[in-house]
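Below is one structure, written out as structure tokens; the observations come after it.
Each value in this text was obtained by applying a stated rule to the coordinates, not by laboratory testing. Nothing here was measured: the structure is a model prediction, and the numbers come from that model. Glycine also receives a Cβ, built like all others from the backbone with ideal geometry; neighbour counts cover every protein chain displayed.
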């Protein structure tokens, strides 16, 4: 029997955040509040989650701890635009050169067959509006997998097990969570963002097994 | 270029950063990181904005600084949600309807706007409202109402009671303009900036790639 995932979520106190993540049989969440002299203990967790709307000044200040956590085999989900240089090997860039009305999401590289667990096309529209969840794009590190790209081939969801000894899953901003404000055009679209999140969570037991084998 | 500066109380959120660093606004706005905030920083700016997705627990720790700032006759703009810990009003959450303009464009959720307010003067209805994040169900007795929704809840209000001017709204012009998915927010944000410091920004909202992936 596989034990549940022990996850630590960073919170910068924004309205509504804590209702989006609900502990369940797959994952148990602890919350970590950002504050002055931020210096958290990351030990004992399988997964760090940096959700949509996070504090990237605080994350930059603990970048060495995050790298150490990853090099010990831990996992990181960053579902936000990290404008500071704290994610090892990757850079997020905000961009407004393309119209959001033209944004569509495409599967590029799916070595773990995650697309069996979510449908990229269901992420395209929210109430008939496209370009609703991803912003900017990722300049991904060599050797990482680009799971989803946008209309112009720019990485939006990246999986990296090469840059560090751990796992990094990065999105160019996204409300990925157990509950999401997501889409409501139809039932499939309503579930799309949560299904993407659940698919990404399925990588954590694989990573844990890999770490234990070592 | 403006000689006056607007302090943006910064929660480390990318959309707040993207707005303040855009070429159009970067000479007007200064990021003041909430966990480093002090009196010296506030003394150096002429007006303040507290954007949506702020840390209101942390802001409440600086309540006295904010009201001292207002007492000097300066302006403070608050958007999105807030907290009764530092603001004498009751904010309540509501579902965000950011799609009415697609589904039912002739029935805006906002029904009343005081277009005599300097920010709203000359704005078209679509430029004065896009969506709101919650409403106010109680505001101070000394406040005046600027916008209401169709249910009669308060969206935007203002008071001069504390020395300067406190303008509070559940709209989110700063954060939403940083996101760059609504293309007409220059109208509101330019007027907001002019109301705060007497200078109207010009030009395009350009994003510099060199502002991303930075050390701080």
Take peptides B:25-38, B:95-108, B:61-74 and line them up by average Cβ neighbours within 10 Å, highest first, as a rough protection proxy. B:25-38, B:61-74, B:95-108
For peptide B:206-216, what's the mean number of Cβ atoms from other chains within 10 Å of each residue's Cβ? 6
Considering the alpha-carbon set of chain B alone, what are its Rg and its Dmax in angstrom? 16.4, 48
Test item: A:80-91 mean partner chain Cβ contacts at 10 Å: 4
Modelled label reach - residue A:210, point 7 Å along Cα→Cβ, region A:144-183 residues with backbone N closer than 18 Å: A:144-148, A:157-171
Working out 0.36 nm times the residue gap between residue B:36 and residue B:144, then minus their Cα-Cα distance, what length gain in nm do you get to one decimal? 35.6 nm
If only Cα atoms are counted, what is the Rg of the protein assembly as shown, and what is its Dmax, in Å? 21.6, 69
Rounded to the nearest 10 degrees, the helix A:203-213 long axis (Cα) sits at an angle to the longest Cα principal axis of chain A of 30
Place a point 7 Å from Cα of residue B:199 in the direction of its Cβ. Which residues in region B:122-142 have their backbone N less than 16 Å from it? none
Could you bin all the Cα-Cα distances of region B:1-126 into 5 Å bins starting at 0 and give me the percent of pairs in each, rounded to whole numbers? 2, 9, 16, 19, 19, 17, 11, 6, 2, 0
What's the ranking of B:83-91, A:68-76, A:165-173, B:198-206 by average number of surrounding C-beta atoms within 10 Å, highest first? A:165-173, A:68-76, B:83-91, B:198-206
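Between residue B:187 and residue A:71, what is the FRET efficiency for a Förster distance of 51 Å, r being their Cβ-Cβ separation, to the nearest 0.05?
0.55
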Cα→Cβ-extended label distance, 7 Å offset, between residue B:107 and residue A:202, nm: 4.1
For chain A: relative contact order, % (alpha-carbon pairs under 8 angstrom, 6 or more apart): 21
222 nm mean residue ellipticity, helices alone, for chain B (DSSP H n ≥ 4; -39,500 (n - 2.57); rounded to 500): -6000 deg cm²/dmol
If R0 = 35 Å, then residue B:43 and residue A:18, at their Cβ-Cβ distance, give a FRET efficiency to the nearest 0.05 of 0.50
Rounded to one decimal in nm, the spacing of the 7 Å Cα→Cβ label points at residue A:102 and residue A:3 is 5.0
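What does the average come to when, for each residue of peptide B:97-108, you count the partner chain Cβ atoms lying within 10 Å of its Cβ? Intermediate values should be presented prior to the final figure.
Details: counts 1, 5, 7, 1, 1, 4, 2, 0, 0, 0, 0, 0.
Per residue, the number of nearby Cβ atoms from other chains is 2 on average.
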Which of rounded, prolate, oblate describes chain A, given a ≥ b ≥ c as roots of the alpha-carbon gyration tensor eigenvalues and a/c under 1.5 marking rounded, otherwise prolate only if a/b is larger than b/c? rounded
If you count the DSSP beta bridges with both ends in region B:6-211, what percent of them are antiparallel, to the nearest 5? 45
Which distance in nm do the two modelled labels at residue B:209 and residue A:116 give, with both placed 7 Å along the Cα-to-Cβ direction? 3.8
